[in-house]
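Q: Below: one structure in structure tokens.
The values are calculated or read from the model by the stated rules, or taken from the named source; none is laboratory data. Note that the structure is predicted; figures quoted are calculated from it, not measured. Ideal geometry is used to build each Cβ from the backbone, glycine not excepted, and the neighbour counts take in all protein chains shown. Accessible surface areas use protein heavy atoms only, side chains included; no ligands, DNA or RNA. Shrake-Rupley method; radii C 1.70, N 1.55, O 1.52, S 1.80 Å.
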Amino acid sequence: MKLVVGHMYPDLLNLYGDIGNIVALKKRCEWRKIEIEIKPITLDYTEEFTDIDLLFLGGGSDREQKIVSDDLKNKKGKNLKTAIEDGLTVLAICGGYQLLGEYYQTLAGSKLEGLGILKAWTIAGNRRMIGNIVIDTNIADKNFKMVGFENHSGKTFLEKMEPLGKVIIGNGNNGEDKTEGCIYKNVYGTYLHGPVLPKNPEFADILIETALKRKYGKVELTPLDDSLEQQAKQSLIERFVKK
Amino acid sequence: MKFLGVNIGKLINISCKITGKGGTSLPGKIALKYDSKLIEKLIGPIKNNKVIITGTNGKTTTSGLIASILTTAGKSVVHNKEGANMKTGIATALIKSSNFLGNLQKDATVFEVDEANMPIVIEDVKPNIVVITNFFRDQLDRYGELDTTVEKVKKALLNLPQDSIVLLNADEPFTASIGDEIKSKVFYYGIEDNIEGINSSSFEQKYCPICAHKYEYKKIYYGQLGDYYCPNCGKKRPNPNFKATNIFLNEDGINFNLYYKDKIFTVKSRLIGLYNVYNLLAAISAGILLNIDFSTILKAIESYWPIEGRLQKTKIKSKRTIINLIKNPIGFESTLNMLSQFNKPLNLLISINDNYADGRDVSWLWDVNLESFLSKTKVNYIVTSGLRAEDMAVRLKYAGFDIKKIKIINSIEKALDTIADLTEEELIAVLPNYTSLYDVSKYLKLQEAKK
Ligand SMILES: [Zn+2]
């Protein structure tokens, strides 16, 4: 078995330790003797996404976000949309998550168009939502808590879209409706940095399994010893969630 | 009003000493509440030798070196040496150096200033020289993004007195770009050597300020520091006024040649690691610009030994130990690289807190190239400590370190005891982040007192 991970714009979208997500995918495949290839997808990439099993899209600073947004709209958007409708597994974080939505409205009121893959939109806010976040999530028939660190001022609202989870501590999508992230087909958008995958190995494995299933049909991942990851997660939950 | 503010500050300072709470910024904080112009008033009589150092990394060492140069030259210096680099810390340093009449009988000031505090400090201090070391991502959750920080510092420099000098690191493109847009007299320092660079993941891509193309590199020393140029319009790294060449590094120290105008000087220092070449270069250049004669500068540099927690050599339960503060990816990587160059087996203690002063977000641990360090260095045990000991342990697991050789001990005292007990022949390296260092120092003082 082989998993091909497309790392979107590794030189542009690389904030807040999100590279740790790639590290987590790599190690969790290697520990199971699953072959893994990390394919950097840069501005000059023009191919379709047919060779990619799992796509990772992080966040960047405003400048980089603008470059990426133009490139997605003008070059890669159509291919990406086709692949996603066909079931491509995607993890999009923070800025990357916002880009998959319909638009981003700036403080001045102008609208920057997104890819429109998610029925979600983001409105710039005055308050930065920074801090530890704990959510309760129920995906792939598994119920578990996820932890991370969020750092965004954009407020995202969903329309008839399933959120990734319910906020227990922190702000999530908008600090108002207790939703965090968004799920559409095999696309997962979230504000969780931290990075999210090594902190939440269940989630990492759901992504790997989903991506491999699309390629190979039935797939059963060998369980790994995650006691260290769970200990780290538990220590945060105990610290921040009041009982 | 000057008297009242100073006296309140002094009283607080005394009570801080009695209660043992350090007091590196509290007296200033309270005194500034009574008199917001206190810094300006106290520093007023000093006209020359006022130096400000800012940047992400190296400001503590660089300011320590500059203060030592000025002291060796016979000046009496006010220096916020406890690393209290916000406005309140600077006020505290001034209060401590003033008498009860609010008179500061000193003839030089050396302040390291946090990037975010630059505008206000520049206005109050009116420095003769501003030194900028580099810009990296540091505690992003507090300051927003790198471009914003650079922009803020640049803006602050526009308010400098006319005859002030700005001294910039030519090799760091974010820092050097500031020189293009300010009216002050600008000097640059940089390395020109074929020494092997550090393989680091903390690279900040800078785009050409003229045509927005990506900079390319002829040579990278570490992070984004090196000899860069724009392949599109030809803009390149400014030619440094002060150059370091023939660099020689080992466990005992640094040697290099410094070129300035038509002169060559041989510099020797007990500091270690390539990143300290930049700190030395910045400090010596500042010394020259302050018209201090070169033999005095060299004397100060040669005898300089860093302050607590910066490359501090000590013993824990009679085991050889080196302590170095780590607070961001590039600082962590530079430290690891230095340790790796020792070619000796190591035991590590890494302590990570997430208090406000540390930055609440510890995601940056994943930006550190631990994989490269662990692949080329013999490390027997790693103890992780602090509030985020578990996160650090997970990071090490994914960097490929054997989890049976990791011990998670949140209490720093117990962690220090444990690493010493685990150690036979290895060198212990204790790497605490900002507030963890405070706990490490406390432990060492207690141990010292027990003797
Ligand atoms: Zn250019």
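Q: Give me a count of the residues in the range A:52-87 that are assigned to a loop (DSSP other than H, G, I, E, B), over 27 Å from B:Glu151 (Cβ atoms) and touching a strand residue (DSSP E or B) at 6+ places or on another chain (Cβ under 6 Å).
A: So the answer is 2.
Q: Continuing with this model, one more query. Give the residue, chosen from B:Ile264, B:Ile316, B:Ile254, that is more than 16 Å from the ligand (Cβ to nearest atom), closer than 30 Å to B:Ile352 by Cα and more than 19 Å from the chain's Cα centre (by Cα).
A: B:Ile316
Q: Further question on the same structure: Among residues belonging to the range B:47-62 that are within 15 Å of B:Leu289 (Cβ to Cβ) and not hydrophobic (A, V, I, L, M, F, W, C), point out the one that is surrounded by the most Cβ atoms within 10 Å (Cβ to Cβ).
A: Filtering the range B:47-62 for residues that are within 15 Å of B:Leu289 (Cβ to Cβ) and not hydrophobic (A, V, I, L, M, F, W, C), the one surrounded by the most Cβ atoms within 10 Å (Cβ to Cβ) comes out as B:Thr62.
Q: Also: Quick check, is B:Thr109 part of a strand (DSSP E or B), of a type in the set (S, T, N, Q) and in contact with a strand residue (DSSP E or B) (Cβ under 8 Å, 6 or more places away or on another chain)?
A: yes
Q: For B:Leu146, indicate whether it is of a type outside the set (S, T, N, Q) and within 14 Å of another protein chain (Cβ to nearest Cβ).
A: Answer is yes for this residue.
Q: Suppose we keep only residues that are buried (at least 16 other Cβ atoms within 10 Å of the Cβ) and away from chain B (no Cβ under 12 Å) within the range A:1-28. Which one would you say is farthest from B:Asp402 (Cα to Cα)?
A: Within the range A:1-28, the match that is farthest from B:Asp402 (Cα to Cα) is A:Met8.
Q: Looking only at residues that are under 16 Å from A:Lys27 (Cα atoms) and under 26 Å from the mean Cα position of the chain (by Cα) in the range B:394-416, which one is farthest from the other protein chains (Cβ to nearest Cβ)?
A: Top of the filtered list is B:Leu396.
Q: Still on this structure: Taking the range B:164-213, which residues are within 16 Å of the ligand (Cβ to nearest atom) and assigned to a loop (DSSP other than H, G, I, E, B)?
A: Scanning the range B:164-213 gives B:Gln205, B:Lys206, B:Cys208, B:Pro209, B:Ile210, B:Cys211, B:Ala212, B:His213.
Q: Shifting gears a bit: Which number in (1) open to solvent by 30 Å² or more (accessible area, probe 1.4 Å); (2) in a strand (DSSP E or B) marks the one condition that B:Ile428 misses?
A: Status for B:Ile428: all satisfied but (1).
Q: What residue, among those in the range B:215-231 that are within 14 Å of the ligand (Cβ to nearest atom) and loosely packed, with under 14 Cβ neighbours inside 10 Å, is nearest to the other protein chains (Cβ to nearest Cβ)?
A: B:Glu216
Q: Using beta carbons and a limit of 8 Å, which pairs, at least six apart or on different chains, have the first residue in the range B:394-411 and more than 14 Å from B:Ser375 (Cβ to Cβ) and the second one open to solvent by 50 Å² or more (accessible area, probe 1.4 Å)?
A: So the pair list comes out as B:Lys397/B:Ile403; B:Lys405/B:Tyr381; B:Ile406/B:Tyr381; B:Lys407/B:Tyr381; B:Ile408/A:Gln231; B:Asn410/B:Leu387.
Q: Here is a further query. Kindly establish whether B:Val78 is open to solvent by less than 40 Å² (accessible area, probe 1.4 Å), part of a strand (DSSP E or B) and in contact (Cβ under 8 Å) with a residue 12 or more places away in the chain.
A: Yes; evaluated as a whole, the condition is true for this residue.
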